[in-house]
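Data first, discussion second: the structure below is written as structure tokens.
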Amino acid sequence: MQGTFHVVGVGPGDPQLLTLKAVQLLNRCRTWFVPSAFENGGSMALKIVSGVVSREGKTILSHRFPMKPVHRGQEVDPEVADAWRQAAETITSCLARGEDVIFPTLGDPAIYSTGFYVCETLLTHDPETKIAIVPGVSAIGASAASAAMPLCLGDERLVVIPATFADERIREMLRLADVAVFMKVHKVMDRLVALLESEGLLDQAVLVERSSLEDQIVWKDIRQACGREIHYFSTMVVRRG
Ligand SMILES: C[S@@+](CC[C@H](N)C(=O)[O-])C[C@H]1O[C@@H](n2cnc3c(N)ncnc32)[C@H](O)[C@@H]1O
């Protein structure tokens, strides 16, 4: 019988934020297909999981996915498409042998995770592929918790924005938002700070770096984070007054 492909959210970093279901599945599945964004094969998801589940007896298949933008509805960068295709081929051969395969992914799989691109590629090749998604604690909720602030209350509108968007697109989205969560801020902090200043929102912004980890920092004055090297694990919450 064909195995199942499990995409499992592993939370924002603190292994205690892994769900019981994720731990159970990680213990049970012997084949871990681990995404890595680095040439050296290092994986943040694997690091989180290793704090709780033993790797003994597991086959760890590490696969590099290039960190390049994907624009939905447009042609995908060939290097990215190739990485998805190769991943799908390896996973398909494991599933065909009856093995279950687990794909641990940072935060929650439904939010900017490569796991869903792999699912789409698998389903394109075989629509009967068995897929199961296990939600995880997203960096969105974790960052709000670190800053001890709500994301939305009453009739407030919450908007999630990749900070890598062009300025005009960000301004458009900000107009719709009572609360905005910016992800992928680490390389564009200075540009984002200038934009928020011009929108009069600088004092409403909180930056959370490495939420849930021992060395997390909550920047209540985001000007202080400018000009510094900010960790990839950084999320900004902007709440209108
Ligand atoms: C590719 S997205 C993945 C999001 C993930 N699927 C989730 O649900 O949190 C990566 C972004 O998540 C955010 N992020 C991930 N871990 C974080 C953490 N521990 N603290 C703050 N932000 C984090 C950062 O904005 C980072 O650029």
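The values are calculated or read from the model by the stated rules, or taken from the named source; none is laboratory data. Computed from a prediction, not measured in an experiment: that's the story for all the values here. Ideal geometry is used to build each Cβ from the backbone, glycine not excepted, and the neighbour counts take in all protein chains shown.
Every residue in the range 103-115 that is near the ligand (Cβ under 10 Å from one of its atoms) and not polar (S, T, N, Q), please.
LEU106, GLY107, ASP108, PRO109, ALA110, ILE111, TYR112, GLY115 - these are the residues of the range 103-115 that are near the ligand (Cβ under 10 Å from one of its atoms) and not polar (S, T, N, Q).
Based on what the data block shows, is LEU158 in the same structural domain as TRP219 (by TED's automatic domain parsing) and either free of Cβ contacts under 8 Å to residues at least 12 places away in the same chain or within 11 Å of the chain's Cα centre (by Cα) (or both)?
The answer is no for LEU158.
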